[in-house]
């Protein structure tokens, strides 16, 4: 390239040296190497020794969709099963804004200070557009995160509640094998996820808030029927009187429901997670329920049913995954979809033909 400033006629012109071009790749950047998988027995040994790092890695394997990760994860889960089942599993749900994370931190901190070993499995809703998840529960629970005997694991729902629920169930096994005697499962919100969460916990707590209008509106009857107890949060300041009125309303509503199979009569309590008022009363309600159901035999019956439920759910999920990952189906599916869109084939016939092709393969 010709540079006119270097011409003889410009001898008196001084040209400063330009800035040296920086390399495209940052020489100071550190590249993350692919994490080496441990042997299943090493994961189990680390989990049994209470190694938080190993436990976190094992949970990551459980959440992974890679076949090689799943193969190791299933061996780890199988080896941990004999050490599982000794915890109290508490499911917590509620409408958005009910203060679930604040309540969990308040109760969890009290339990941790009392010597309990607590694991919090919080499922964050993923964006249907970007598939991203904030995973902010660990950030919001700063005090509980600092507790040495607490383990907080946020997991993205990634649009598949069934898949996340199954993996959460498996994560419970790992946490129990690591010595956690109290497990909290926080659901996305009031919706289909509650049914899945109810099928993996011992006590299902519905957290509600008052001062938002009709207190019973927005709560589905099915959710209230599943609840083993209701806690009205944010009973503080000007909300105290409203919370007492809401408590009476919920008690009246619960009386209209048929008796639960366990024989337990759900109670309605008020609390304030911010002021940490009424928190222990909620936990005592959970303990009373556990004692009651253990004496009647319903506790063991429920856990047996849950194990059976998840066996069938796993079969269904495996069949579904196997169907969509079948090479022949992957080839025929777009064609069948287009024929349905062109009104050349009904949805039911297209599905039937695909299933027949899958069975022949």
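Any read-out appearing in this document is the output of simple, stated calculations on the displayed coordinates, not a laboratory observation. Note that this is a predicted model, so its numbers are computed, not measured. Cβ coordinates were reconstructed from backbone atoms using ideal geometry, including for glycine residues, and neighbour counts include every protein chain displayed.
Report the calculated FRET efficiency for residue 343 and residue 323 (r = Cβ-Cβ distance, R0 = 35 Å), to the nearest 0.05. Result of the calculation: an efficiency of 0.90. Centroid-to-centroid, using Cα positions, region 315-347 and region 78-111 are 39 Å apart.
Based on the Cβ-Cβ distance from residue 45 to residue 300, what FRET efficiency comes out when R0 is 25 Å, to the nearest 0.05? In this case the efficiency is close to 0.25. Ordering 165-174, 59-68 by mean Cβ neighbour count within 10 Å, with the highest value first, yields 165-174, 59-68. When you restrict to C-alpha pairs under 8 Å that are six or more residues apart and normalise by the size of region 232-319, the relative contact order lands at 26 percent.
Ordering of 345-351, 89-95 by packing is 89-95, 345-351, highest average first (other Cβ atoms within 10 Å, averaged per residue). The relative contact order of region 35-83, computed from alpha carbon pairs under 8 Å that lie at least 6 residues apart in sequence, is 38 percent. The modelled label-to-label distance between residue 68 and residue 146, using points 7 Å beyond Cα along the C-beta direction, is 4.1 nm. Compactness of region 235-302 was expressed as the Cα radius of gyration divided by 2.2 N^0.38 Å, which yields 1.32. The calculated FRET efficiency for residue 245 paired with residue 360, based on their beta-carbon distance and R0 = 56 Å, is about 0.30.
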